[in-house]
Amino acid sequence: MQPIFKEMIQMWNDLGYPLPIEEGKYWLENHFICGFTNDGELHKLYKYKVLDDLSIEITPYKHKINLSDIDFETWEQTVERLDNHIWELKYEAILVITNIAQQYSSFDKYVMTSTGKDSCVVLDLVCNVIPDVNIVFNNTSIDSADTYRMVKKHKNWIITNPKIGFYKWIKDNNFIPSRLQRACCGIFKEAQGDKYLIDNNVNECIMFMGIRNSESSKRSSRQYIEHDPKWGDKNWFSCLPIRKWSDFDVWLYILKYNLEINPKYRKGYSRVGCSVVCPYATKYSWVLDKYWYEYAYNRWRKILKDFFVRNDGWIAKKCTIDEFTKAMWNASYLPSEPTEEVVTEFMEHKGLDNYDTALQYFNKTCEVCGRNVRQNDVLAMNLKLLGRSTNKIYCKKHLKELNGMSNEDWDNTVADFKRQGCALF
């Protein structure tokens, strides 16, 4: 759950949904626009839906509602009603921080902030106990302009920078992060923080983080104080003082103490890290990216398109360029079989004049070893050497054996066919 700020209301208005709501009362909960009455009941008012083409649809929930007939709480009233709960959360968190600070009194203390709401709350809590705590922001090189503007306000923050930026890294490695293979967090966030500690000879430290148990199943068992096995024998520990808090708890604390927040939250984002490119993004955040960060949004999709074409994505992903750039790059869903549209688009890209020949590139396994055969040159060599109508496909190793070719023969033959302009290659 998160508050609905005027910036998001304005975006909805610009996209064709002028709603009779204003900042200061309403909440977004699981894609429902909601409001609290003073008895503490949360009422669903509108259903907010993102369609596959990244347009939005906002409809009254169940029936037409006249908001003027219902007296909804302001955020201030909600905070006041739940004041005891907020105090209990704060007391427990500060007790955890105080105990850890005393138990590890000789250790260096750091707050690791991403400028996300959770780390901002942790920073405020820790500063209640350790006013001079070190504050570290790991620059991923792909945060939003809003994030960087926020970071630059804080001259005392330690900023770590990657050796090479994210966009150069994916180009050099011919790699697009996905939910199945992301790597980017480990390289551009965690690894940078670790490198800073190593470079500065920090042998003993506590890192206060805004990780919460409810964020994911992977984090559900995290404790207040932990040692990551990847740190080996280093005396580094993470402390998670708000691990038991909910999203709603975090926002109540922010509203009560009027904490600084990343401007992206005002624009409707529920998470603020890694602008535009995160493989865990959803259609909901893509709508926001397209509206608020159009240049970055379009730049990323051009990178996706170029990657798809360069790697014959039709074969590997079994989707069209448009489908890949819109959703399938993050591997949240991949078809098991190519559609006629996919094969036709691939045929046109390759300059082939026969649909059945194009179809030969899909779903092929080696006749000898059963391995998937996806490399374009290997598939092309099969069709060139065995005929375009062949019903047998071999991997590189067994196709070379079948034709008595050495590695040098293979490389020279492929190069010759490419020089001749063969469409198969």
Check your understanding: From Lys392, Lys397, which residue is in the same structural domain as Ile315 (by TED's automatic domain parsing), of a type in the set (Lys, Arg), assigned to a loop (DSSP other than H, G, I, E, B) and without any contact (Cβ under 8 Å) to a residue 60 or more places away in the chain?
Key -> Lys392
**Study point:** Residue in the stretch 309-322 that is over 23 Å from Phe137 (Cα atoms), out of contact with any strand residue (DSSP E or B) (no Cβ under 8 Å at 6 or more places or on another chain) and among the aromatic types (Phe, Trp, Tyr) present
**Key:** yes
Study note, to complete from the structure: Residue pairs within 6 Å by beta carbon, gap of at least six or interchain, first lying in the stretch 147-161 and within 16 Å of Cys127 (Cβ to Cβ), second assigned to a strand (DSSP E or B), listed first then second, are Trp157/Ile135; Trp157/Phe137; Ile158/Val136
Exercise for review: Return the pairs, sorted by first residue and then second, in which the second residue is in a helix (DSSP H, G or I), the first residue lies in the stretch 287-300 and is farther than 15 Å from Leu54 by Cα, the beta carbons are less than 8 Å apart, and the residues are 6+ apart or on different chains.
Suggested key: Ala296/Asp289
Point to revise | Residue ID - farthest from Trp236 (Cα to Cα), chosen from residues in the stretch 98-109 that are surrounded by 12 or more Cβ atoms within 10 Å (Cβ to Cβ) and of a type outside the set (Ser, Thr, Tyr) | key: Asn99
Point to revise | Yes/no for Tyr196 being among the hydroxyl-bearing types (Ser, Thr, Tyr) and part of a helix (DSSP H, G or I) | key: yes
Review point. Within the stretch 314-334, can one find any residue that is closer than 20 Å to Cys422 by Cβ and either out of contact with any Lys or Arg (no Cβ under 7 Å at 6 or more places or on another chain) or among the small types (Gly, Ala, Ser) (or both)?
Key: yes
Review point. So how many residues does the stretch 170-189 have that are outside any loop (DSSP other than H, G, I, E, B) and more than 13 Å from Cys274 (Cβ to Cβ)?
Key: 3
Check your understanding: Which residues, counting only those in the stretch 227-244, are part of a helix (DSSP H, G or I) and surrounded by 11 or more Cβ atoms within 10 Å (Cβ to Cβ)?
Key -> Lys230, Trp231
Practice item. From Leu379, Leu383, grab the single residue that is in contact (Cβ under 8 Å) with a residue 24 or more places away in the chain, in contact with a Leu (Cβ under 6 Å, 6 or more places away or on another chain) and either of a type in the set (S, T, N, Q) or assigned by TED's automatic domain parsing to the domain that holds Asn412 (or both). Key: Leu383
Check your understanding: With the stretch 285-369 as the region, which helices (runs of 4 or more DSSP H) entirely inside it contain at least 2 residues that are more than 24 Å from Gln181 (Cα to Cα), at pLDDT 95 or above and in contact with a Leu (Cβ under 9 Å, 6 or more places away or on another chain)?
Key -> none
Revision key, fill the gap. Within the stretch 199-226, the residues that are in a loop (DSSP other than H, G, I, E, B) and closer than 19 Å to Val126 by Cβ are Val202, Met209, Gly210, Ile211, Arg212, Arg222, Gln223, Tyr224
Review point. For the subset of the stretch 65-97 comprising residues that are in contact with a strand residue (DSSP E or B) (Cβ under 8 Å, 6 or more places away or on another chain), among the hydrophobic types (A, V, I, L, M, F, W, C) and surrounded by 12 or more Cβ atoms within 10 Å (Cβ to Cβ), which member is farthest from Gly40 (Cα to Cα)?
Key: Ile97
Review point. For residues in the stretch 358-387 being of a type in the set (Val, Ile, Thr) and crowded, with 17+ Cβ neighbours inside 10 Å, which is nearest to Lys318 (Cα to Cα)?
Key: Val373
Exercise for review: Output the residues belonging to the stretch 263-275 that are surrounded by 24 or more Cβ atoms within 10 Å (Cβ to Cβ) and either assigned by TED's automatic domain parsing to the domain that holds Asp247 or not in a loop (DSSP other than H, G, I, E, B) (or both).
Suggested key: Lys264
Exercise for review: Kindly indicate whether any position in the stretch 18-30 is out of contact with any helix residue (DSSP H, G or I) (no Cβ under 8 Å at 6 or more places or on another chain), more than 30 Å from Thr325 (Cα to Cα) and either touching a residue at least 24 places away in the same chain (Cβ under 8 Å) or outside the structural domain of Ala327 (by TED's automatic domain parsing) (or both).
Suggested key: yes
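The values are calculated or read from the model by the stated rules, or taken from the named source; none is laboratory data. This one's a predicted model, so the numbers in the text were calculated from it and none came from an experiment. Every residue, glycine among them, receives a Cβ derived from its backbone with ideal geometry; neighbour counts consider all protein chains shown.
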